[in-house]
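Report on the structure given below.
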Amino acid sequence: MKIMVCGPIGGAGIDKILEMREFLESEGFETVKQFSKGKDYSKIHDFRKKPMLVKK
């Protein structure tokens, strides 16, 4: 079974997630690498205040 560390990714949040994941791995747990190549969603911009784009 793998553990996925979740939390806010804005600001220093992604660093805290990575630190927790590293700690868990050092303790023998297997974790989901959600920020690995092709899976890093931390730079996605949302569609707030862009209602016309959302409708498309």
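A short reminder: the numbers here are calculations on the coordinates, not readings from a lab. Keep in mind it's a predicted model, so treat the numbers as computed, not measured. A quick note on method: Cβ atoms are made from the backbone with ideal geometry, for glycine too, and the neighbour counts reach across all protein chains shown.
Can you put Glu22, Glu27 in order of Cβ neighbours within 10 angstrom, beginning with the fewest?
Glu27, Glu22
Want the number for Met52 to Met4: 0.36 nm per residue separation, take away the alpha-carbon distance, what's left?
Extending this stretch completely gives an extra 13.9 nm.
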